[in-house]
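Engineer: What follows is a single structure, and I will ask about it in a moment.
The values are calculated or read from the model by the stated rules, or taken from the named source; none is laboratory data. Treat the numbers as computed from the prediction; the structure is a model and nothing was measured. Cβ atoms come from the backbone with ideal geometry, glycine included; neighbour counts cover every protein chain shown. With ligands, DNA and RNA removed, areas are computed over all heavy atoms of the protein, side chains included. Shrake-Rupley method; radii C 1.70, N 1.55, O 1.52, S 1.80 Å.
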Amino acid sequence: MAADSKAKFLQDAERFVLHGKMQQAIGEYLKIVKLDPKDVLILNTIGDLYLRQKNISEANKYFSRVAESYVRNNFFLKALAVYKKILSANPNNLEINATMASLYAKQGLSIDARNQYLKVAALLENEGRSKEILEIFEKIIELDPANVTIQQKLAELYYAAGDDKQAHACWTGAARAQVKAG
């Protein structure tokens, strides 16, 4: 019976979409989600429909559910693609940017992870959250220990925070990386 209901709801939803009745289509898709709350394709479709209606916050709720499901099932690249959809509508979402940076790092995509962490650092800087910025730059150094510019930036951040010992260690690391690079 549930499969018949799901097929009927899906057929009705698709008909509503064809006629431009997005809210009714969403209602039908939500009926499917009640029957099968883990159906990521339907959740993603609902997010897309909300996005078409310019309801970013609702769209992002559904996209987040999809991405979290992908992460739980170790489909990290699929999760990243969904997180990119969220960021296309809300590029300054700190949590999503941080999550993406972490996923890039898990995938061994160091350059992408570094760039995403730099975006996170910029967002944190706009909010005046200097302690978290230090943590982000530490993560970047873990990914790219030979990056002189990042070492110097981290040294400056530690120095500004009054941690001369850590600042000295970072400046020393930057000098070593520069010598190693020639």
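Per-residue answers, yes or no, for (1) buried (at least 16 other Cβ atoms within 10 Å of the Cβ); (2) of a type outside the set (D, E, K, R); (3) closer than 24 Å to Asp36 by Cα:
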position: Tyr70; (1), (2), (3): yes, yes, yes
position: Leu80; (1), (2), (3): yes, yes, yes
position: Gln116; (1), (2), (3): yes, yes, no
position: Asn126; (1), (2), (3): no, yes, no
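Engineer: Can you confirm whether Ile86 is crowded, with 18+ Cβ neighbours inside 10 Å, of a type in the set (Val, Ile, Thr) and touching a Phe, Trp or Tyr at 6+ places or on another chain (Cβ under 6 Å)? Steps first, answer last, please.
Structural biologist: Details: crowded, with 18+ Cβ neighbours inside 10 Å: yes; of a type in the set (Val, Ile, Thr): yes; touching a Phe, Trp or Tyr at 6+ places or on another chain (Cβ under 6 Å): yes.
Spelling it out, Ile86 is indeed crowded, with 18+ Cβ neighbours inside 10 Å, of a type in the set (Val, Ile, Thr) and touching a Phe, Trp or Tyr at 6+ places or on another chain (Cβ under 6 Å).
Engineer: Let me ask something additional. Name the one entry in Val40, Val66 that is touching a residue at least 24 places away in the same chain (Cβ under 8 Å), hydrophobic (A, V, I, L, M, F, W, C) and in contact with a Ser or Thr (Cβ under 7 Å, 6 or more places away or on another chain). Write out each step before concluding.
Structural biologist: Numbers: Val66 fails: in contact with a Ser or Thr (Cβ under 7 Å, 6 or more places away or on another chain).
Selected residue: Val40, the only one of Val40, Val66 that is touching a residue at least 24 places away in the same chain (Cβ under 8 Å), hydrophobic (A, V, I, L, M, F, W, C) and in contact with a Ser or Thr (Cβ under 7 Å, 6 or more places away or on another chain).
Engineer: To continue, here is another question. Which condition does Ile136 not pass, out of (1) open to solvent by less than 40 Å² (accessible area, probe 1.4 Å); (2) within 27 Å of Asp48 (Cβ to Cβ), if it passes all the others?
Structural biologist: (2)
Engineer: If I ask for residues that are open to solvent by 30 Å² or more (accessible area, probe 1.4 Å), farther than 15 Å from Lys21 by Cα and in contact (Cβ under 8 Å) with a residue 24 or more places away in the chain, which ones from the stretch 43-63 would you list?
Structural biologist: Once the filter is applied, which keeps residues that are open to solvent by 30 Å² or more (accessible area, probe 1.4 Å), farther than 15 Å from Lys21 by Cα and in contact (Cβ under 8 Å) with a residue 24 or more places away in the chain, the stretch 43-63 yields Asn44, Ile56.
For every residue, the table says whether it meets (1) at pLDDT below 95; (2) farther than 24 Å from Lys78 by Cβ.
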site: Gly20; (1), (2): yes, yes
site: Asp36; (1), (2): yes, no
site: Gly47; (1), (2): no, no
site: Leu51; (1), (2): yes, no
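Engineer: When you scan the stretch 79-101, do you find a residue that is outside any helix (DSSP H, G or I) and more than 11 Å from the chain's Cα centre (by Cα), even just one? Quick ask: steps written out before the conclusion?
Structural biologist: Within the stretch 79-101, the first condition is being outside any helix (DSSP H, G or I), and the residues that meet it are 90-93.
Checking the rest, the ones that are also more than 11 Å from the chain's Cα centre (by Cα) come to none.
Within the stretch 79-101, none of the residues are outside any helix (DSSP H, G or I) and more than 11 Å from the chain's Cα centre (by Cα).
Engineer: Working only within the stretch 121-134, note down all residues that are within 18 Å of the chain's Cα centre (by Cα) and farther than 18 Å from Ala155 by Cα.
Structural biologist: Selection gives Leu123 alone.
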